[in-house]
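Every number in this text was worked out from the coordinates using simple rules, so none of it is lab data. Since the structure is predicted, the reported quantities are computational estimates derived from the model, not experimental observations. We place every Cβ from the backbone using ideal geometry, glycine too, and count neighbours over all the protein chains shown.
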Amino acid sequence: MPLVSITNDLKQAQADRYAVPLFGFFEMTAVEGILEALEERRAPAILGMYTYLVDDRCIGAYVGFIRQLAEQVSVPVTQMLDHGTSFE
């Protein structure tokens with residue numbers, strides 16, 4: 001499933017009284033394990049990059065890697081990119 005907006009899943013979680021977790025990660029191999037666990041549990045989640053990854057010159061490659069992995073699972077996954085030091 002491609003990366004998606006988590007809005008609908010958050011609304012459903014609020015209505016049904018459960019949490020949608022945000023998993024912070026600081027290296028790319030962790031993403032594989034997180035997505036594997038989400039697929040096993042059939043659970044949506046938010047992936048949050050640590051600031052130094054967001055500000056890294058390879059941010060495009062990191063996001064591309066995460067998108068490719070997210071397309072291999074059937075659960076909704078959102079990428080949060082709000083920890084950078086600038087809007088760009």
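Condition first: β-branched (V, I, T) and either free of Cβ contacts under 8 Å to residues at least 24 places away in the same chain or loosely packed, with under 11 Cβ neighbours inside 10 Å (or both). Now tell me which residues in region 31-77 satisfy that.
We begin by selecting, within region 31-77, every residue β-branched (V, I, T); these are 31, 34, 46, 51, 54, 59, 63, 66, 73, 75, 77.
Matches in region 31-77: I34, I59, V63.
Among what's in region 1-18 and is among the aliphatic types (A, V, I, L, M) and more than 25 Å from Q68 (Cα to Cα), pick the residue that is nearest to the chain's Cα centre (by Cα). Break it down into steps so the answer makes sense when it comes.
So the first thing to find is which residues in region 1-18 are among the aliphatic types (A, V, I, L, M), and the list is 1, 3-4, 6, 10, 13, 15.
Those left that are additionally more than 25 Å from Q68 (Cα to Cα): 13, 15.
Working: A13: 17, A15: 22 Å.
Residue satisfying both the conditions and the ranking: A13.
How many residues does region 1-59 hold that are in a helix (DSSP H, G or I) and of a type in the set (D, E, K, R)? Outline the logic, then answer.
Our first condition is that a residue be in a helix (DSSP H, G or I); within region 1-59, this holds for 7-16, 28-41, 51-54, 59.
Within this subset, residues satisfying the condition of being of a type in the set (D, E, K, R) are 9, 11, 16, 32, 36, 39-41.
Here the count works out to 8.
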